[in-house]
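The values are calculated or read from the model by the stated rules, or taken from the named source; none is laboratory data. Source: prediction; values computed, not measured. Backbone-built Cβ (ideal geometry, glycine too); neighbour counts: all protein chains shown. For accessibility, only protein heavy atoms count, side chains too; no ligands or nucleic acids. Shrake-Rupley method; radii C 1.70, N 1.55, O 1.52, S 1.80 Å.
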Amino acid sequence: MERHRIRDLRGTLLALTAAAGLLLTGCGAGAGDNSSADNSSYPTGRPAPAPGYTDGGSTGGTGEQKNGDDSESREFAPAPDYLSTFALDVDTASYGYARRTLADGHLPDPTTVRPEEFVNSFRQDYDRPDGNGFSVSVDGARTDREDWSLVRVGLATRPAADRGERPPAALTFVIDISGSMAEPGRLDLAKESLGVMTDRLRDDDSVAIVTFSDEAERVLPMTRLGDNRDEIHDAIDSLEPTDSTNLGAGVETGYETAEDGLREGATNRVVLVSDALANTGDTDADTILERIASERREHGITLFGVGVGSDYGDALMERLADKGDGHTAYVSSSEDGREVFCEDLPRNIDLTARDAKAQIAFDPATVSEFRLIGYDNRQVADEDFRDDSVDGGEVGPGHTVTALYAVRTKPGTEGHLATASVRWLDPKSRAPHEESGRLESGSLKDSVWSASTRFQVTATAAYFADALRLGDDRWSALPGSAHLGELAERADGLASRTEDKDVRGLAEAIHQASRLTGRD
């Protein structure tokens, strides 16, 4: 049975002795160093520890899980793997789809629940940097399970600029008009949202529209907004649902249209609006994904996937966005649509970081086990942290990225626990940069529920996701997890204190799940 990655650091001294010839040295960039990093000091095949981390001579892991008996639980990784490395991700579609499913009176399929997308759906309290790149915040709190804590790694980009300060956008909308899109809350919602967005884009932005059902059609070539808003509105209003879903044709034509309308100095992006239920033409995900990857490499065209519909191809949309250096959101209401198309999409027109990756180095002197909560599809081999040819995540201004870890400390631990680092490429010069932050054991709060309000929101969202996917035997319960009834009460209190509508929505979703499971 394959379980989520937890890394067992016990027995480290014996393993370190055997690996003495492969000892890692400290990094050239210290904590807080925002300068370019030099790859030359990290030979290929050796993991690079986080900046500022010194371990007295421990080896690094490869990021791969190996176990002699596949039938055994792989929840514990072999020592001395103390590194955790992943590509950044700002997707939120999993949480949005779960809320839609619960509102319809059903529990979501555990395989569609991605905890990081629950956590990243909420505003955070991290300091923000002045320029491109990230600030790094690391904090934590103890759970009621002995020696286990939750550790939060927070990465934040600069605030989003005023609308007039960002670069112009060249947006190609690829819109699913298959028969399934006739369901209320699909094509009608997409048209409404696109209409509002058209009125809010700048005159120097450009829009193209491609539709697909049995085949793909270019409805509108790349067109400057300027005096052409009426023409764009007419193209949107003309969209009507027809037949089957040839998603492959839609993606191919969409990228061809984006390439034809490519604008130097602009953000060139494909926006795919679909229920992602491919059933005609090329339905092979890998073939579709390769088309996206080639266009990304050659022209820097990124993808924003917008999911709709009660029956939704969540897994395919996520893979498309990951391959297309983009992210996904899910829309189920007019309010969602306005937020995604009029706030999230304009915010993502600008980029502050390309191929961003995070690496957390846990100190084997103080930490015995750890588990990254989520990011299952975003894992990166530890030795590839500073390999800038390895794909990471694209992040825009105004974003925060949160990684939550369950960490078991050694009894009586004092001192350094972990160093968190983020590496990214400047979106224009492609020069690499790094930033890091540290966590000491004395900084851990005594309880998750006495930590900062936003930390509690993070923990509540993670515990909620954890509860929803317990039907999948690959996952075990997080330390300190509460039953849904108790979690709903916690969320109610947080919603009252924050007066945040998103936290109120979280509380409502937990209550719905609690009623469906009979645990309210």
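Can you find even one residue in the range 205-222 that is small (Gly, Ala, Ser), in contact with a His (Cβ under 7 Å, 6 or more places away or on another chain), at pLDDT below 95 and surrounded by fewer than 24 Cβ atoms within 10 Å (Cβ to Cβ)?
First, pick out the residues of the range 205-222 that are small (Gly, Ala, Ser): 206, 208, 213, 216.
Checking which are in contact with a His (Cβ under 7 Å, 6 or more places away or on another chain) leaves us with none.
Checked the range 205-222: no residue is small (Gly, Ala, Ser), in contact with a His (Cβ under 7 Å, 6 or more places away or on another chain), at pLDDT below 95 and surrounded by fewer than 24 Cβ atoms within 10 Å (Cβ to Cβ).
Answer yes if at least one residue in the range 275-284 is open to solvent by less than 10 Å² (accessible area, probe 1.4 Å) and either in contact (Cβ under 8 Å) with a residue 40 or more places away in the chain or among the aliphatic types (A, V, I, L, M) (or both), and no otherwise. If you could, list the steps in order and put the result at the bottom.
Here is the first cut: in the range 275-284, the residues open to solvent by less than 10 Å² (accessible area, probe 1.4 Å) are 275-276.
Keeping just the survivors that are either in contact (Cβ under 8 Å) with a residue 40 or more places away in the chain or among the aliphatic types (A, V, I, L, M) (or both) gives 275-276.
Yes, the range 275-284 has at least one match.
Going residue by residue through the range 218-226, is there one that turns out to be touching a Pro at 6+ places or on another chain (Cβ under 6 Å) and more than 30 Å from LYS428 (Cβ to Cβ)?
Our first condition is that a residue be touching a Pro at 6+ places or on another chain (Cβ under 6 Å); within the range 218-226, this holds for none.
No, every residue in the range 218-226 fails to be touching a Pro at 6+ places or on another chain (Cβ under 6 Å) and more than 30 Å from LYS428 (Cβ to Cβ).
Report yes if LEU303 is modelled with pLDDT of 85 or more and touching a strand residue (DSSP E or B) at 6+ places or on another chain (Cβ under 8 Å), otherwise no.
On the way: modelled with pLDDT of 85 or more: yes; touching a strand residue (DSSP E or B) at 6+ places or on another chain (Cβ under 8 Å): yes.
So LEU303 fits the description; yes.
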Note to self: Looking at the range 100-130 only, could you name the residues that are open to solvent by less than 40 Å² (accessible area, probe 1.4 Å) and in a helix (DSSP H, G or I)?
What the structure shows: ARG100, THR101, LEU102, PRO110, THR112, PRO115, GLU116, GLU117, PHE118, VAL119
Notebook entry, point to check: When the range 288-337 is examined, which residues are found to be surrounded by fewer than 19 Cβ atoms within 10 Å (Cβ to Cβ), farther than 19 Å from SER178 by Cβ and not basic (Lys, Arg)?
Noted result: LEU289, GLU290, ALA293, SER294, GLU298, HIS299, GLY300, SER333, SER334, GLU335
Next item on the list: Output the number of residues of the range 330-355 satisfying the condition of being of a type outside the set (A, V, I, L, M, F, W, C), in contact with a Pro (Cβ under 7 Å, 6 or more places away or on another chain) and closer than 17 Å to LEU171 by Cα.
Entry: 2
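Filter the range 139-170 down to residues that are β-branched (Val, Ile, Thr) and assigned to a loop (DSSP other than H, G, I, E, B) and give me whichever is least open to solvent (accessible area, probe 1.4 Å). Working first, answer last.
The first filter runs over the range 139-170 and keeps only residues β-branched (Val, Ile, Thr), leaving 143, 151, 153, 157.
In the following step, the residues that additionally are assigned to a loop (DSSP other than H, G, I, E, B) were identified as 143, 157.
On the way: THR143: 22, THR157: 1 Å².
This residue is THR157.
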Check: Going through the range 410-424 one residue at a time, which ones are over 21 Å from ARG454 (Cβ atoms) and open to solvent by less than 10 Å² (accessible area, probe 1.4 Å)?
Finding: THR419, SER421, ARG423, TRP424
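Given the condition more than 27 Å from GLU369 (Cβ to Cβ) and not in a loop (DSSP other than H, G, I, E, B), answer yes or no: does some residue in the range 398-417 qualify? Quick ask: steps written out before the conclusion?
First, the residues of the range 398-417 that are more than 27 Å from GLU369 (Cβ to Cβ): 398-399.
Then keep just the ones that are not in a loop (DSSP other than H, G, I, E, B); that gives none.
No, the conditions are met nowhere in the range 398-417.
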Next item on the list: Look through the range 171-204, keep the residues that are of a type in the set (A, V, I, L, M, F, W, C) and within 19 Å of GLY300 (Cβ to Cβ), and return whichever of them is surrounded by the fewest Cβ atoms within 10 Å (Cβ to Cβ).
Entry: LEU171
Notebook entry, point to check: Which residue pairs have Cβ atoms under 7 Å apart, sit 6 or more places apart or on different chains, and have a first residue in the range 199-225 that is free of Cβ contacts under 8 Å to residues at least 24 places away in the same chain and a second that is surrounded by fewer than 16 Cβ atoms within 10 Å (Cβ to Cβ) and outside any loop (DSSP other than H, G, I, E, B)?
Noted result: THR223/GLU231
Next item on the list: May I ask you to verify whether ARG430 is modelled with pLDDT under 95 and either in a loop (DSSP other than H, G, I, E, B) or surrounded by 24 or more Cβ atoms within 10 Å (Cβ to Cβ) (or both)?
Entry: yes
Margin query: Among the listed residues ARG469, ARG474, ARG490, ARG497, identify the single one that is basic (Lys, Arg), under 22 Å from THR143 (Cα atoms) and touching a residue at least 60 places away in the same chain (Cβ under 8 Å).
Written below: ARG469
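For the range 415-454, give me each residue that is of a type in the set (Phe, Trp, Tyr) and touching a Ser or Thr at 6+ places or on another chain (Cβ under 9 Å). Give the derivation first.
Residues of the range 415-454 of a type in the set (Phe, Trp, Tyr): 424, 449.
Hit for the range 415-454 is TRP424, nothing else.
Out of curiosity, is SER447 open to solvent by 30 Å² or more (accessible area, probe 1.4 Å), of a type in the set (Gly, Ala, Ser) and in contact with a strand residue (DSSP E or B) (Cβ under 7 Å, 6 or more places away or on another chain)?
On the way: open to solvent by 30 Å² or more (accessible area, probe 1.4 Å): yes; of a type in the set (Gly, Ala, Ser): yes; in contact with a strand residue (DSSP E or B) (Cβ under 7 Å, 6 or more places away or on another chain): yes.
Taking the combined requirement at face value, the residue satisfies it.
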Next item on the list: Would you mention how many residues in the range 370-390 are assigned to a loop (DSSP other than H, G, I, E, B), crowded, with 20+ Cβ neighbours inside 10 Å and under 18 Å from the mean Cα position of the chain (by Cα)?
Entry: 5
Notebook entry, point to check: Name the pairs: first residue in the range 377-398 and under 13 Å from ALA358 (Cβ atoms), second residue open to solvent by less than 20 Å² (accessible area, probe 1.4 Å) and assigned to a helix (DSSP H, G or I), Cβ to Cβ under 8 Å, at least 6 apart or on different chains?
Noted result: ARG378/GLU116
Item checked: Candidate set from the range 483-501 (those that are open to solvent by 50 Å² or more (accessible area, probe 1.4 Å) and at negative phi); member that is modelled with the lowest pLDDT -> HIS483
Check: Looking at PHE134, is it out of contact with any Gly (no Cβ under 9 Å at 6 or more places or on another chain) and either more than 30 Å from GLU215 (Cα to Cα) or surrounded by fewer than 21 Cβ atoms within 10 Å (Cβ to Cβ) (or both)?
Finding: yes
